[in-house]
2 protein chains.
Amino acid sequence: MALLRLKPLPLTAERFAPYGDVIAAPAAHGASMNAARFDRYTNLARVDADTDAGISIVRSRTPTELPHRFDLVERHPLGSQAFIPLGGFPFIVVVGPPGESIDPADLRAFVTNGSQGVNYHRGTWHMPLIALADGQQFLVVDRASGDGNCEERHFEQAIVLERPA
Amino acid sequence: MALLRLKPLPLTAERFAPYGDVIAAPAAHGASMNAARFDRYTNLARVDADTDAGISIVRSRTPTELPHRFDLVERHPLGSQAFIPLGGFPFIVVVGPPGESIDPADLRAFVTNGSQGVNYHRGTWHMPLIALADGQQFLVVDRASGDGNCEERHFEQAIVLERPA
């Protein structure tokens, strides 16, 4: 069986809609806030959790080089999970549609433009987060307790995540 | 009556504890995540809301110069409100203890170190957000609906927010 290879496409809200939300402010003006000192882009994503949600930070300790082989995806059945880069850098996500099972052929890879964050909807399959450089920080907004909130699937054959075009 | 002047002190978790949480990752290693690819600093703040919470972005349209005179503070009785800078820049907050009333003499001003975010606890009085430069973006995590969630107090005399030391 030939190796399954995934080449990341540029992330857009349309492409990502089956899996979650893209968190980014458009260039156009948003709603005026605080005596017009700010443009506000409200509820780019909803925080979905069956109990309290928390705000966390993760920082890259060991960056991942592409191409990257992986054989594991996970999903969170009890809430959404958002990752927002703190500092403006691109990152890569691999996602699959929610559901009990996941066929590797249904996985899709996306690369962000440096200012985009993502919010995985409850149940969306995804590759565990990787970072392309050391020290990169992501803000995470998800269910405060991880108890019972992570299902994993191991594939028989590794998938090759390639460099973006 | 002499003008009340506030000089921002460097923000620390200890100083901010009566008002909310400081959202920042310490330099030391955190919990290992994703096969030790990341350090994770979990639940630096809790998302507190009586209904759904949302993730928004605000972008500075008109920066504020210091010294800055203000005569208005607000609080959110139905949930917490977090502001996290996207890109590493300092900002200034003015806060007062939760409660029905607020005495201007109880206000405190803090300046962040560029990587810190803040989470106002439910009911904490605060000056509406200002930014020190154009185009700065903050991630906001708060109650998705603003209905009934903003109380304002106008002071008879303006307060002068000075430059940090």
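Just for segment A:4-161, what percent of DSSP beta bridges are antiparallel, to the closest 5?
Around 90 percent antiparallel, to the nearest 5.
Taking the Cβ of A:ILE102 as the center, what net charge do the other residues with Cβ under 11 Å away carry, scoring Lys and Arg +1 and Asp and Glu -1?
Numbers: positive: A:ARG75, A:ARG153; negative: A:GLU74, A:GLU100, A:ASP103, A:ASP106, A:GLU151, A:GLU152.
After counting each charged neighbour, the total is -4.
With all protein chains present, how much of the accessible area of segment A:4-161 (probe radius 1.4 Å) comes from carbon and sulfur, to the nearest whole percent?
50 percent
Which order, highest average first, do A:90-100, A:8-18 follow once you tally other Cβ atoms within 10 Å for each residue and take the mean per peptide?
On the way: A:90-100: 19.0, A:8-18: 14.9.
Most protected by this proxy first, the peptides run A:90-100, A:8-18.
Could you do me a favour and compute the accessible area per residue for the protein assembly as shown, 1.4 Å probe, result in Å²?
On the way: 14330 Å² over 330 residues.
For the protein assembly as shown, the solvent-accessible area averages 43 Å² per residue.
To the nearest Å, what is the center-to-center distance of segment B:71-101 and segment B:135-165, using C-alpha atoms only?
One Cα centre to the other: 5 Å.
Would you work out the relative contact order for chain A, in percent, from Cα pairs under 8 angstrom that are 6 or more residues apart?
For chain A, the relative contact order is 40 percent.
Heavy-atom accessible surface, probe 1.4 Å, ligands and DNA/RNA ignored: which residues of segment A:18-41 lose at least 50 Å² versus the isolated chain?
For segment A:18-41, once contacts with the other chains are taken into account, A:ASN34, A:ARG37, A:PHE38, A:ASP39, A:ARG40 lose 50 Å² or more.
Can you say what percent of the DSSP beta bridges in the protein assembly as shown, counting only those with both residues inside, are antiparallel? Round to 5.
So the antiparallel bridges amount to about 90 percent of the total.
Given 10 Å bins starting at zero, what is the percent of C-alpha pairs of segment B:4-161 in each, up to the one with the largest pair distance?
Using 10 Å bins, I get a P(r) of 10, 38, 37, 11, 3, 0 for segment B:4-161.
Under a Cβ-Cβ cut-off of 14 Å, what is the net charge of the residues other than B:TRP125 that fall near it, where Lys and Arg count +1 and Asp and Glu count -1? Could the numbers behind the result be given before it?
On the way: positive: B:ARG75, B:ARG108, B:ARG122, B:ARG153; negative: B:ASP71, B:GLU74, B:GLU100, B:ASP103, B:ASP106, B:GLU151, B:GLU152.
So the surrounding residues net to -3.
Around B:ALA53, under 11 Å between beta carbons, what's the net of Lys plus Arg minus Asp minus Glu among the other residues?
Local charge sum for B:ALA53: -3.
How much accessible area is lost when chains B and A come together, counting both sides, with a 1.4 Å probe, in Å² rounded to the nearest 100?
4300 Å²
Between A:CYS150 and A:LYS7, with labels modelled 7 Å along Cα→Cβ, what's the label distance in nm to one decimal, could you check?
3.3 nm
Go from 0 up to the bin containing the longest alpha carbon distance in the protein assembly as shown, width 20 Å each, and give me the % of pairs per bin.
Calculated over all Cα pairs of the protein assembly as shown, the distribution is 31, 54, 14, 1, 0 percent.
Where does chain A land at 222 nm, in deg cm²/dmol rounded to the nearest 500, when only DSSP H runs of n ≥ 4 count, each adding -39500 (n - 2.57), divided by all residues?
-500 deg cm²/dmol
Treating the beta-carbon of each Lys and Arg as +1 and of each Asp and Glu as -1, no other charges, what is the dipole magnitude of segment B:1-43 about its Cα centre, to the nearest 20 debye?
Computed charge dipole of segment B:1-43: roughly 160 debye.
The values are calculated or read from the model by the stated rules, or taken from the named source; none is laboratory data. If you're wondering where the values come from, they're calculated on a predicted model, not measured in any experiment. In this analysis, Cβ positions are derived from the backbone assuming ideal geometry, glycine residues included, and neighbour counts consider all displayed protein chains. Just the protein is used for accessible areas: all its heavy atoms, side chains included, with ligands, DNA and RNA removed. Shrake-Rupley method; radii C 1.70, N 1.55, O 1.52, S 1.80 Å.
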